[in-house]
Amino acid sequence: MGYNMNTLLPYIPSSDYDRVATEFLETYYPDAIYNPQPVPILDVAKNKMGLDVQFLCLSEELDIYGITIFDDGLVEFYDPIDGIYETKLFKKKTVIIDPEAVKMTNIGCQNNTIAHECVHWYKHRMYYKMQEIYLPRQAKLCKCSVRDLPIMTEDEEIMENQAIGIAPKILMPKRAFEEFVSDYDIRSEEESWREISDIARFFKVSKQSVKIRLQECGIL
C-alpha cells in the first residue's frame, strides 16, 4: 500500500483489504481477530477511536447512510418533522448515521455503515486534511450514499470503494470467520439459507454480507 504524495490518497488494492481490516482490529479490537464474536463497532467507534457518533436524518429521500466529518464546518441535514433542510455546525471526528435510512434494511446495515465510516476516518483523514488549503471555510466530509453520487470525484470514488470493501472484513475478520463457519455444512446458497441467516445473526451483519464473505473465503 502506498500514497499519492500530492493528495495523500491511499492506494489500497482489493487484495490488501483483509490486511487493512486486520490492522484496524489490531489497533482497536484485537480479540476479534482470533476469537469469533460480533464486533461492537459502535463502541469501537466511540470509545476506541474517539469518534462522536450521532444519529440524524440526512435526506428526505433516505438515500444517504452516513457522513464522516474531517474538519469543523456547516453540514446540511433534513428535519423530517418540519420537512425542511437545515444546516448546523459540526466538529471534526463526527460521524452521522441516518437511522431511518439504515432502518430500511436491518441492524447489519447499521453496523456496516458505522464500520464504513470508521474506515474513512482510519484511512482517509489525511487526504481530507490536505484539502484544507483548498476549501478552508467548508467542512470536509465524506458522504456515503445508497447510490453513487453523480458529483463524486475520482478520488472520492476510490475511497468509497475502499471503505465498501474493508468494512465487512472488519465485522467478519477472516480467521475468526472461517473458524466459526467451519461448524456449518455450507453447500449452495439455496441449500444453506438457514446457515447463512445464523451466521448473519451471530456477526450482526446482513445476509448479503455473509454470502459475499463466504464466497471470498472460497466456502460458497
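Working out 0.36 nm times the residue gap between Ser14 and Leu74, then minus their Cα-Cα distance, what length gain in nm do you get to one decimal?
18.3 nm
Show me the helices of the chain, taken as full DSSP H stretches, that run 20 Å or more along their long axis by Cα and average -1.0 or above in Kyte-Doolittle hydropathy.
Sorted by number, the helices that extend far enough and score high enough are 107-130, 154-171.
How do Glu61, Glu23 line up, fewest other C-beta atoms within 10 Å first?
In increasing order of surrounding Cβ atoms, one gets Glu61, Glu23.
Using a basic spin-label model with each label point 7 Å from the Cα along Cα→Cβ, how many nm lie between Glu178 and Asp63?
4.0 nm
Hey, can you rank 62-71, 183-192, 206-215 by average C-beta count inside 10 Å, highest first?
For the peptides 62-71, 183-192, 206-215, the packing ranking is 62-71, 206-215, 183-192.
Using the Cα centre of the chain as the reference point, and only Cβ charges (+1 on K/R, -1 on D/E), how large is the resulting charge dipole? Debye, rounded to the nearest 20.
Dipole about the Cα centre, nearest 20: 600 debye.
Of Met5, Met104, Met159, Met130, how do they rank once you tally other Cβ atoms within 10 Å and put the fewest first?
Ascending Cβ contact count within 10 Å gives the list Met5, Met104, Met130, Met159.
Apply 1/(1 + (r/R0)^6) to the Cβ-Cβ distance of Lys48 and Glu189, taking R0 = 35 Å, and write down the FRET efficiency to the nearest 0.05.
0.50
Give the order of Leu25, Leu56 when sorted by the count of other beta carbons within 10 angstrom, beginning with the fewest.
Sorted ascending by nearby Cβ count, the order is Leu56, Leu25.
Evaluate the relative contact order of the chain (contact order divided by residue number), counting alpha-carbon pairs under 8 angstrom at least 6 apart; express in whole percent.
Worked out over the chain, it gives 25 percent.
What shape does the stretch 8-94 have by the C-alpha gyration tensor, where a ≥ b ≥ c are the square roots of the eigenvalues, rounded means a/c under 1.5, and otherwise prolate means a/b greater than b/c and oblate the rest?
prolate
Principal axis lengths of the chain from Cα atoms, whole Å, largest first?
Principal-axis extents of the chain (Cα, largest first): 55, 45, 33 Å.
Could you tell me what percent of the DSSP beta bridges with both partners in the chain are antiparallel, to the nearest 5?
80 percent
Would you mind calculating the gained length between Ile33 and Ser197 on full extension (0.36 nm times residue separation, minus the Cα-Cα distance), in nm to one decimal?
That works out to 56.9 nm of additional length.
Within the stretch 8-33, name every residue whose backbone N is under 18 Å away from a label modeled 7 Å from Cα of Ile133 along the Cβ vector.
8-10
At 0.36 nm per residue, minus the direct Cα-Cα distance, what do Lys91 and Lys103 gain on full extension? Give it in nm, one decimal, please.
Contour length minus Cα-Cα distance gives 1.8 nm.
Where a number appears in this text, it was derived from the coordinates with a stated rule and is not lab data. Quick caveat: nothing in here was measured; it's all calculated off a predicted structure. When we count neighbours, we look across all protein chains shown, and the Cβ atoms used for this are built from the backbone with ideal geometry, even at glycine.
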